[in-house]
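Here is the structure we will look at.
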Amino acid sequence: MGAGVRAGLTACLVALVLLLAGLAAVPAGATSQTLTGTIYGSDGRAVNALIGFDLKDELGRTLGATGCVQSAICRVDGYAITRRVNAQLPPAGSTETRRWATTWSVTVPSNTARVYVEVYPQGPGDAGVDQRRYGSSYRRNLPVPYGGRVNLRLPLGCGAGGDAGYVNGYSTVDGKRTELKRVTAFSMEEDNNGPSPVLGFQIGTTESNGYYTLPHLSAGAVGGAAGQRYQVIATAPDGRVKRFYGVRVVGCRGTPLNIVFD
């Protein structure tokens, strides 16, 4: 048998093993599970939003919508499942909550043990993320089954009377101001279903001169102290990652944070 044939058979066997491993993650004959919840702006308005669901099994492995474990043959690009609510609403939402959707539901595979939920305010139709009134929020590590409705709220921007703040600064890579590949922020406060505070998160914007900003971050009071603590994750163009913990965001104010890779 030639080397090329052996290599081909080996590759086929590896693919088969991966396929069987992914399929085995879904218990035979098991039924799916349904999560339900509510969604509003933190001011009580119905909102136009995209909801993304990241699914994990009991071992913490990422799952696809069918319950297969993420692998070369079970690609999970982004969220396993998404839901859109009120796609025709403007970014300001609506006070007519009986007319527009304020609830959602999603069916997840039977081997889902935990769910992470991220919510993005949207413009009408296919306009994409629009944060003129609201910022993004999330819920983390929710057990499945949850045992009740999962409440989602979007933080209200400072210009609309809310308490959102922001983080901004410059990034320097090897002594030169450089645009980051990616920068994100996630609230470190305790998850809750109240929800108070609204847990903020953000995918930041970056510029070629190294300036970045993480806008519209929820800054509701926590434990009697103003502001929320965030984890900021910055990725340099070459893939290096820096994490900053406990970055305090206070309502209607900026928190400076310069990021240096050396």
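Bear in mind these aren't lab numbers, they're just calculated from the coordinates by the rules spelled out. Everything numeric in this text was worked out from a predicted model, so none of it was measured. FYI the Cβ positions are ideal-geometry reconstructions off the backbone, even for glycines, and counts take in every protein chain you see.
Only lysines eight or more places from LYS242 in sequence, or on another chain, were considered; those with a Cα closer than 23 Å are LYS176, LYS181. Projected label points at ARG240 and ASN141, each 7 Å from Cα along the beta carbon direction, are separated by 3.0 nanometres.
Relative to the longest principal axis of the C-alpha atoms of the chain, give the angle of the C-alpha long axis of helix 3-24, reported between 0 and 90° and rounded to the nearest 10°. On a 0 to 90 degree scale, this one is about 60.
Of the chain, which part is the longest with no GluC sites (Glu not before Pro) in a loop (DSSP not H, G, I, E, B) and with at most 14 other C-beta atoms within 10 angstrom? Working shown, then result.
On the way: sites that count: GLU58, GLU96, GLU190, GLU207.
Value returned for the longest uninterrupted segment is 97-189.
Let me make sure I get this right: for the chain, a, b and c are the square roots of the gyration tensor eigenvalues over alpha carbons, sorted descending. Under 1.5 in a/c it's rounded, otherwise prolate if a/b > b/c, else oblate. Which is it? It is oblate, given that a/c is not under 1.5 and a/b is not larger than b/c. Summary value for the chain: 17 percent relative contact order, contacts being C-alpha pairs under 8 angstrom separated by 6+ residues. Rounded to the nearest 0.05, what FRET efficiency do SER105 and LEU59 have when you use their Cβ-Cβ distance and R0 = 35 Å? Approximately 0.85, to the nearest 0.05.
On full extension, the segment bounded by ARG149 and GLU190 gains 13.0 nm, given 0.36 nm per residue less the C-alpha separation. Per-residue extension of 0.36 nm, minus the Cα-Cα distance of GLU179 and ARG132, leaves a gain of 14.5 nm for this segment. Label-to-label distance for GLU96 and ILE233 is 4.0 nm, based on points extended 7 Å past Cα in the beta-carbon direction.
Site pair ASN168 and THR66 shows an inter-label distance of 4.7 nm when each label is modelled 7 Å from Cα along Cα→Cβ.
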